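Reviewing the structure listed below.
The values are calculated or read from the model by the stated rules, or taken from the named source; none is laboratory data. Given the structure is predicted, the values throughout are model-derived calculations rather than measurements. Note: ideal-geometry Cβ built from the backbone for every residue, glycine included; neighbour counts use all protein chains shown. Only protein heavy atoms, including side chains, enter the accessible area calculation; ligands, DNA and RNA are left aside. Shrake-Rupley method; radii C 1.70, N 1.55, O 1.52, S 1.80 Å.
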Amino acid sequence: MRCLLPAVAEQLFRDIRKIYEETTQIPDDLLIALKFVFGSCALQALDLVDQRSVTCLSSPSGRKAFQVIGGSGRLYTCFLSCHYCPCPAFTYTVLRRNQGLLCKHILAVYLCQAMALTQQESVSDQQMSAMLSGTGAP
Amino acid sequence: MTDILTLVFRTFSSQTGQKQDPSVGPPPPSLRCSTLVVGEHRLSRSVLLLAAVTAASELGIRVSFFAQTRIQSLPVCLQRCSATLNPEGLKKIAFSYPRTLEELLQQVASLHESPLPPSLIIVDRLDGFLQEPVAGSHAGFHSGEESGAAHLSALLCDTAAFLTEVLEQRGSSSAPCRVIASFLLNVDSGQESRDYSATDPILVVLDRYFQARCTLDQDRSYEAAAAAAQEVWRIYLSGTKSPEDCEDGPALAQEWKLFTFPDGLMEFKLV
């Protein structure tokens, strides 16, 4: 996902990427920084990462999108180039109240990308279109 | 996307305007690729049609035009401007008429399947798609109003970003892919100039995704009444800073005037 975040968050993901590459762990100071920048959704996002909940779907046209399996098993489709998630938290916390940068699903996408833990899956162009429009799942 | 609107304004600019740029040609492609036109319906649809025809005819790019209601005719100034109204150019515009938000989402989402992707995506009246009648109450935005607006805006921007990559990979000169959408505010007609963003929650959401704003505001001043025009509109092009802006320079800010005449002609003038 292209970064659309404040510089401090971008730097945090760069640090996580570098250290995780070397040690396959995230040290405590970076976990604290994650909690500081993203609040309570940081822990929930890390849970999603542990469960390998983020998949990058790609279709023959080259179009890609992320799909995140939520805690309840529901699938959330997120875009590559801008922040959007159909979950209620994104609508209320980010869009309506402007009190958060993103929801746990989008944060999980950033973390999985930084830690190279994103699953990969191919779908047809028609399936991709249905997912992007929110009318179907692969 | 302000490059195409700027081209439209220049193409149909006043011949007597002191600041008119004599070299009417395509400005350099803008990195600010999504623009929201906010204002009065009839006028904003005309501006969108001018943008579609100008982009297709002058720049030779493919245009996907989405509207809920059928386009019955082109603006008079286009009908009279035979040079701009190039039949070959018009063939590059694909008009689609989705009836609901769901249909619009499906049609925009499937643009990546097209072998000949558009370089300009236009959506007339986002508000019409986002506003659905609620049974037993006044018509209004449904409960998922913000989420629907965010989904549609994000899909438009993500689609444009993907199609830009496709066009660039093909070495096409028609990259980048731009998005222009119009949004009519639900405000009292008699209300004077207001801060739209502060009052409309949907517009706040749309502003998250659209990089530039084109605001149409009717000018009711004496000067406007004296201009012998039927109506005079102020057009403000504004936007957040983008990589194309120099570091210390201002964000996008440009003002035009639009004169509409009783015979349907439209004339733009840089302020």
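Over segment A:1-78, what number does the Rg to Rh ratio reach, with both radii from the alpha-carbon atoms and Rh per Kirkwood?
Here Rg/Rh amounts to 1.00.
Determine the shielding of peptide B:106-114 by partner chains: average, over its residues, the number of Cβ atoms on other chains within 10 angstrom of each Cβ. Mind showing how you got there, number by number?
Values: counts 7, 2, 3, 10, 8, 4, 10, 9, 2.
Per-residue shielding by partner chains comes out at 6.
So, R0 is 35 Å and r is the distance between the beta-carbons of residue B:168 and residue A:98; what FRET efficiency does that work out to, to 0.05?
0.55
FRET efficiency for residue A:52 and residue B:94, Cβ-Cβ distance as r, R0 = 35 Å, nearest 0.05? All intermediate terms of the calculation are to be shown ahead of the outcome.
Numbers: r = 41 Å, r/R0 = 1.17.
Rounded to the nearest 0.05, the efficiency is 0.30.
For a paramagnetic label modelled at 7 Å from the Cα of residue B:230 toward its Cβ, which residues of segment B:255-269 fall within the zone defined by backbone nitrogen distances under 17 Å?
Residues B:258-268 qualify, since their backbone N sits under 17 Å from the label point.
For chain A, with only Lys/Arg (+1) and Asp/Glu (-1) charged at the beta-carbon, what is the dipole magnitude about the Cα centre, in debye rounded to 20?
Values: 12 positive and 10 negative charges, 94 e Å.
In debye, rounded to 20, chain A gives about 460.
With an 8 Å Cα cut-off and a minimum separation of 6 or more residues, compute the relative contact order for segment A:37-115 in percent.
32 percent
Mind grabbing the interface size between A and B? I mean buried accessible area, both sides, 1.4 Å probe, in Å² to the nearest hundred.
2000 Å²
Could you check the simple spin-label distance between residue B:79 and residue B:102, using points 7 Å along Cα→Cβ, in nm with one decimal?
Between residue B:79 and residue B:102, the label points sit 3.8 nm apart.
Rounded to two decimal places and with Rh computed the Kirkwood way over Cα pairs, what is Rg over Rh for segment A:49-138?
0.96
By how many nm would the segment from residue A:8 to residue A:24 lengthen if fully extended, with 0.36 nm per residue of separation less the alpha-carbon distance?
This chain segment gains 3.6 nm when fully extended.
Given A:64/B:269; B:91/B:269; A:64/B:91, which pairs have Cα atoms separated by over 32 Å?
Where the Cα-Cα span goes over 32 Å, the pairs concerned are A:64/B:269.
How much length is gained on full extension from residue A:127 to residue A:15, taking 0.36 nm per residue of separation minus their Cα-Cα distance?
Taking residue A:127 through residue A:15 to full extension adds about 36.8 nm, to one decimal.
Take chain A, connect every pair of alpha-carbon atoms lying under 10 Å apart with a spring to form a Gaussian network, then pick out the residue of A:93, A:77, A:55 with the largest mean-square fluctuation.
A:93
Work out the mean other chain Cβ neighbour count within 10 Å for the residues of B:161-167 and drop it here as an integer.
So the per-residue partner count for this stretch is 3.
If you count, for every residue in B:60-66, the Cβ atoms of partner chains within 10 Å of its Cβ, what is the mean?
On the way: counts 0, 0, 0, 0, 0, 0, 0.
Counting other chains' Cβ atoms within 10 Å and averaging over B:60-66 gives 0.
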